[in-house]
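Where a number appears in this text, it was derived from the coordinates with a stated rule and is not lab data. Since we're looking at a predicted model, the values are computed, not measured. In this analysis, Cβ positions are derived from the backbone assuming ideal geometry, glycine residues included, and neighbour counts consider all displayed protein chains.
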Amino acid sequence: MNYLTQLHERCFSDCLEEVKTVAISGHIRPDGDCVGSCLGLCTYLLDQNPDLLVDVYLDPVPDQFRFLKHADRIIQENENQIVYDLCVALDCSEPDRLKPAGDIFEKAKRTICIDHHITNQGFGDISIVCPESSSASELLYYILKDQRLFGQGTISVDCAQALYMGIVHDTGVFRHSNTSLEAMTAAGELIGYGLNTEKIITDTFFKKTYRQNQLLGKALLESILMLDGAMIFAALYQKDFEIFGCDSADTDGIIDQLRVTEGVHVAMLLYELKEGEFKVSLRSDELVDVALIAKEFGGGGHIRAAGCTAYGQMHDIVTNIASRVESQLMEQEDKE
């Protein structure tokens, strides 16, 4: 069923009545969709009411996203201990992944969750979770566009730019399987605001620094094929980041390059957060549900793109995940 036909049933426009302070947040280590949806909503709210206090709580974001309007409102600390009238969680599958705004969300007078992850069971006073949507940015666009849902405001060029960037990133520039008719329609309508789409795509998705390319090269050079070539993985350690002068934000794009290896059904990238703790990113084709695997490790995501934080030795983590990939592949073989 087209999720757009259901949106009016989950109206949250009443939440904005008598609201003077708003906090917006997303998941830990925010990606393009998380940043785009959060800043898109921030821009929309301030366009309608410049007197609102709107703060955006996110982990530090990559420099290429900071061209978006109100990026200077991104903070990590609630220094004044504000209890917000409203807190909106975007692109976050569960409250535990709201960083650094977990406590802020809990204490807010009213809360809203807007998300598209299939593993999201819903949280907050109002929860709008649509796994059919390509991205939180696409979902938010249709919410803002529908005047029945969010007042009588209009979307500005700055808001459109943020939302378009979010859709671009979560669809892999319209290459991933989540690129639906609704996603393309939303992107097309946003382009109509006069966006410089080439610049947005090139500067935020494709452009890499020399150091990022070095890190990518190391990951590819030391990647390993498993399961008779059905799976590939690469691992990066803190020492690698130190050698190349990079951080975890510079891993963006590595997993997608691993995924396009011929014959591979599942790609995995691990990078060390600290000793014994790894961030794991997973990508797959139509044969493997990586969201199901990530959920077993306390993570989540989409059927074809998911992630989690895993603990232990790298070899053990890879072995455990590979065994689950192998089980799903064997199930597919049995069905055939």
Tell me, what is the FRET efficiency for T197 and S327 to the nearest 0.05, using R0 = 35 angstrom and their Cβ-Cβ distance as r?
0.25
Only Lys, Arg (+1) and Asp, Glu (-1) charged, at Cβ; the chain dipole about Cα centre in debye:
520
Kindly provide the Kirkwood hydrodynamic radius of the stretch 210-335 in Å, to one decimal, from all pairs of distinct alpha carbon atoms.
14.5
What residue among I75, I255, I167 shows peak mean-square fluctuation when the chain is described by a Gaussian network model with Cα springs under 10 Å?
I75
The FRET efficiency for K335 and L53, from their Cβ-Cβ distance with R0 = 41 Å and rounded to 0.05, is 0.15
Return one quarter of the surface area of the convex hull spanned by the alpha-carbon atoms of the chain, equal to its mean projected area, in nm².
17.1
Of I321, I293, I82, the most mobile residue in a GNM of the chain (C-alpha springs, cutoff 10 Å) is I82
Given +1 on the Cβ of Lys and Arg, -1 on the Cβ of Asp and Glu, and no further charges, what dipole in debye does the stretch 210-335 carry about its Cα centre, rounded to the nearest 20?
260
Enter the per residue convex hull volume of the stretch 174-240, computed from alpha-carbon coordinates, in Å³ rounded to the nearest integer.
132
Quick one: which of 187-199, 46-58 comes out on top by average Cβ neighbours within 10 Å, and what's the full order, highest first?
46-58, 187-199
